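The values are calculated or read from the model by the stated rules, or taken from the named source; none is laboratory data. This structure is a prediction, so every number in the text was calculated from the model and none was measured. Quick reminder, even Gly has a Cβ in these numbers, built from the backbone with ideal geometry, and neighbours come from all protein chains shown. Remember, those area values only see protein heavy atoms, side chains included, never the ligands or the DNA or RNA. Shrake-Rupley method; radii C 1.70, N 1.55, O 1.52, S 1.80 Å.
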There are 2 protein chains.
Amino acid sequence: MKLDRVTVDDRLSALGTWRLEAEESKWIVRKYRFTSFMQGISFVGEVARISEAVNHHPMIAIDYKMVTLRLTSWSAGGLTELDFSTAAKFDQAYVEGNAE
Amino acid sequence: MKLDRVTVDDRLSALGTWRLEAEESKWIVRKYRFTSFMQGISFVGEVARISEAVNHHPMIAIDYKMVTLRLTSWSAGGLTELDFSTAAKFDQAYVEGNAE
């Protein structure tokens, strides 16, 4: 179910790492920075595994050492709880990858 | 060394799979389509290995089952032979991946 704007703002505050791509956007976005190209590629592999597990796939951009993820729920025509729960899983994978 | 436009057109014709991103662009681009998300991710892993081997990294976008690669040579301020030789390697990896 598509979330209303108040709930979206609440979920964004809870994450603290993602933002709306633009005002009134149907997309949330986060850029992750890495110390090497291959570290970013490895993270994308983790993102892929998570995406398949929850059957929810972000748009992914790899610009050398920077990986940008964007999430939306096409079927709901906006943002849903699934976007925020998946974003939290990506953040966790990022933290775990950097802690290795 | 940055290639002149005649040479760029010649190299694009030889590849037959890439195009200038826009008229007078410093970027060449190709979109690769896959039958599954994970097949595209696997291809990106191959692209990463090739990029590291030749020390020349494309911009990569993964939009579900479609992977877009973009190449330029920042240091030369345009397109060089390295862009086209690397593009050919990516194409080869794509063909080999689909032949498996």
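Key figures for this structure:
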quantity: Subset of segment B:42-56 that is of a type outside the set (K, R), open to solvent by 40 Å² or more (accessible area, probe 1.4 Å) and within 11 Å of chain A (Cβ to nearest Cβ) - its residue that is nearest to B:R5 (Cα to Cα); calculated: B:N55
quantity: Residue match in segment B:42-49 (condition: of a type in the set (D, E, K, R) and part of a helix (DSSP H, G or I)); calculated: yes
quantity: Of residues in segment B:1-20 being without any contact (Cβ under 8 Å) to a residue 40 or more places away in the chain and hydroxyl-bearing (S, T, Y), the one farthest from B:L79 (Cα to Cα); calculated: B:S13
quantity: Residue within segment A:73-90 that is within 30 Å of B:W74 (Cβ to Cβ), hydroxyl-bearing (S, T, Y) and open to solvent by less than 10 Å² (accessible area, probe 1.4 Å) present; calculated: no
quantity: Contacts under 6 angstrom Cβ, first residue in segment A:38-53 being touching a residue at least 40 places away in the same chain (Cβ under 8 Å), partner surrounded by fewer than 21 Cβ atoms within 10 Å (Cβ to Cβ), 6 or more apart; calculated: A:F43/A:G97; A:E46/A:A93; A:I50/A:K89
quantity: Selected residue (criterion: nearest to the other protein chains (Cβ to nearest Cβ)) from residues of segment B:11-41 that are outside any loop (DSSP other than H, G, I, E, B) and more than 16 Å from B:V67 (Cα to Cα); calculated: B:L20
quantity: Those residues of segment A:17-41 which are open to solvent by less than 30 Å² (accessible area, probe 1.4 Å) and aliphatic (A, V, I, L, M), in sequence order; calculated: A:L20, A:I28, A:V29, A:I41
quantity: Index of the failed condition, A:F84 passing every other in (1) in contact with a Gly (Cβ under 7 Å, 6 or more places away or on another chain); (2) away from every other protein chain (no Cβ under 14 Å); (3) assigned to a helix (DSSP H, G or I); calculated: (1)
quantity: B:T68 being under 24 Å from A:E52 (Cβ atoms) and assigned to a strand (DSSP E or B); calculated: yes
